[in-house]
Amino acid sequence: MLKAALTGSMAAGKSEAARAFARLGVPVFDADAAVHVLYAPGGKAVRPLQARFPGAVDATGGVNRRRLARILARKPRELAALEAIVHPLVEDMRAEFLHAAEKQGAPYVILDIPLLFETNAQDQVDRIILVTAPEDVRRARAFTRPGMTQDKWQMLESRQIPPEEKTARADFVITTTGSIADTRRQVEKIHTRILAALPPLS
């Protein structure tokens, strides 16, 4: 089973591209959705994050992402500690997803990995699909999201490698400056090319 990574900078349009692949029947692992599960009441990340970031868990018993973001804005160096807690838990969920997809006979899967290159995870996948948009477009999208601030934008952007380097290292590129229909057409072409390149079933 082939593993394709879907990556791109913040607000590039990865979610729409992921939905387009899912519409075609491709199993998609959404890392952000996995984090939501981990942060929910009873989630595996709740207790360790409460211990490391007092005040991040609210009255519901789950991690409040806005509170956590405010804590990290005051102590940006603590981001590494957050990732050390959350990333292994996400990887466990990804492994379960891959096992289930392979058992179902999926020819390939999409793994949504926003910081693919930044975390040196490119060797863990067989194909790389980059979703991209100009910075001004991404910025406008990002600032429609609750809790986005100039400091948070700069912090997140500073963690990204240059877009031109990502483009050079990707197998496929999806540009999301057009309509949703245009994004879906690009995804359909990539889907066709991936399936055509797969070895026939024995």
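Key figures
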quantity	calculated
Spatial separation of Cα centroids for the range 162-182 and the range 78-149, in angstrom	15 Å
Set of lysines near residue 75 by C-alpha distance (under 26 Å), chain-local residues within fewer than 8 positions excluded	44, 152
Volume per residue that the Cα convex hull of the range 113-158 spans, once the total is divided by residue count, Å³	89 Å³
Among 77, 185, 139: highest mean-square fluctuation, GNM of the chain, C-alpha pairs under 10 Å	77
Tilt relative to the chain, helix 180-197 - C-alpha long axis, 0 to 90 degrees, to 10	60 degrees
For q = 0.15, 0.16 Å⁻¹, Debye-computed log10 I/I(0) when each Cα of the range 32-105 counts as one equal scatterer	-0.52, -0.57
Projected area averaged over orientations for the range 106-202, convex hull of C-alpha atoms, nm²	7.8 nm²
Volume of the Cα convex hull of the chain, divided per residue and given in Å³	128 Å³
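Bear in mind these aren't lab numbers, they're just calculated from the coordinates by the rules spelled out. Just so it is clear, the model here is predicted, and its values are computed rather than measured.
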